[in-house]
Every structure is written in structure tokens, then in C-alpha cells.
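Read the structure below first, then the notes.
Just so it is clear, none of the values below were taken in a lab; they were calculated from the coordinates. Here the structure is a predicted model, which means the values were calculated and not measured. Cβ atoms come from the backbone with ideal geometry, glycine included; neighbour counts cover every protein chain shown.
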Amino acid sequence: MNFVLDASVAMCWILLDGKTAERAYARKVLNLMKQSETSAVVPMTWEVEVANVIGTAEMKGLVTEAQTKLSSRCWTASTFAAG
């Protein structure tokens, strides 16, 4: 099964912020992807959206550049099918 992965869901995985319901949904999506044949499809602008959120988080001191580099292996669009 394929689904469209919204950047805000993936950012919950990295930034560990958001409302309780948003974090719970993001965890469910991640668990589904780990436990099944589920694949994420992302829009062509996904990496730009993610880079903007990460850049803003770095400027606010929510994440360090080192943390961003480490997590970038998980969130590049090449990890997902571009749609």
C-alpha cells in the first residue's frame, strides 16, 4: 500500500514537537511503515518543505546542524517515491 507522506508528519519524527494528537498520528504512520509493505510517496516539493522546517528549527535552536545531518539520511525524498 502506498500513501502520501506529509512533511509535517515526518517533521514530528525528527523534531519531537507538535500537539499530542499530531505526535500520536506520526508514531502510528512510522509504525505502519516499519511493520508492513507500506511505502510513502512524497510530492516533488517535499525536500524543499522539509529543508525549510529544519532550517527554521536550527535558527530557533531546536536542533543542531549535526542533528540535522544525522537525520537527513531518513528524510531525503530519495528515500521515498516522488509523486
*Please sort by residue number the trypsin sites (Lys or Arg not before Pro) in the range 1-73 whose DSSP state is loop and whose Cβ has at most 16 other Cβ atoms within 10 Å.*
19, 60
*Under 25 Å Cα-Cα from residue 34, which lysines qualify once same-chain neighbours fewer than 8 residues away are excluded?*
19, 69
